[in-house]
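Read-outs: derived from the displayed coordinates by stated rules, not from any lab. These numbers were taken from a predicted model, which means no experiment stands behind them. For neighbour counting, all protein chains shown are included, and Cβ atoms are generated from backbone atoms with ideal geometry for every residue, glycine included.
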Amino acid sequence: MPAPPARLVADWNREIALRLDLEPGDVEPLPLARARARWPDYRHCVQAVADWTRARGLQEVLGSSDVALMACRGAKYHHDGERYGGAAFCNLFLSEDRGLDLHFPATGLRIPLVRGTVVLFDTGQPHAVIKRHSSGFDVADFPPDQECTQVFPSWELPIEDVHVGRALRIAFDIEPSSALLLEDEQVWLNSARARVCPSTGRWCPADAA
């Protein structure tokens, strides 16, 4: 995976410092069009991800999916099912190894984030970007004087696409009479709307303190 040019990385750092003002745990968008214009090799990164997804049976779904360039300074435990419930995320991490892992607490999977790491996952799956070897998300692990930022393009792959569902082994259990009563996407656990504890990644009732 080609490294982003130094001038582009400096531009990202300025944008993150001056406009985004990222706090530990924040995930915010960066200007994608500007990155494309300043990094001719970006197309090679996209091609590599397209080849990777195609090899896993996703056909040409990546090329027709929406993409955004994101930055995070770690990430608190969360899920994205209430905003992107109709999608799976495919993320390509562009930054060097900062000693961070992408952690999925429900499965125990920890993925070391190094340049070129690609991850495909269900948006309803709790996840976080945490310090390597830590047991959870802690603001103290991301001091202001330490480089902890990760930059990554993120594609939204339609979850109803048969190839995406098959790759993620998703089984749909749809009850139309209930779904028609909902005005927004929701994640439920044990017959109640649920949220994720930002420090531990554990599920808990949405109305819990």
Exercise for the section: Pop a pseudo-label 7 angstrom from the Cα along the beta-carbon direction at both H133 and L32 and give the gap in nm to one decimal. Expected result: 3.7
Completion exercise
For the stretch 34-49, in residue order, the Karplus 3J(HN,Hα) values (coefficients 6.51, -1.76, 1.60; θ = phi - 60°; whole Hz; Gly and Pro = x) are 5, 5, 4, 5, 9, 9, x, 6, 4, 4, 5, 5, 4, 5, 4, 5
Exercise for the section: Return the distance in nm (one decimal) between the two label points of a simple spin-label model at V118 and T200, each offset 7 Å from Cα along Cα→Cβ. Expected result: 3.6
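Assuming R0 = 45 Å, what is the FRET efficiency of A17 and D184, from their Cβ-Cβ distance, to the nearest 0.05?
Values: r = 34 Å, r/R0 = 0.76.
Working from the Cβ atoms, E equals 0.85.
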Handout entry: About the Cα centre, charge dipole magnitude for the chain (Lys/Arg +1, Asp/Glu -1 at Cβ), debye
Key = 640
Fill in the blank from the handout: Note: probe point = Cα of V67 + 7 Å toward Cβ; backbone nitrogen < 18 Å; residues of the stretch 147-161 passing the test are 151-159
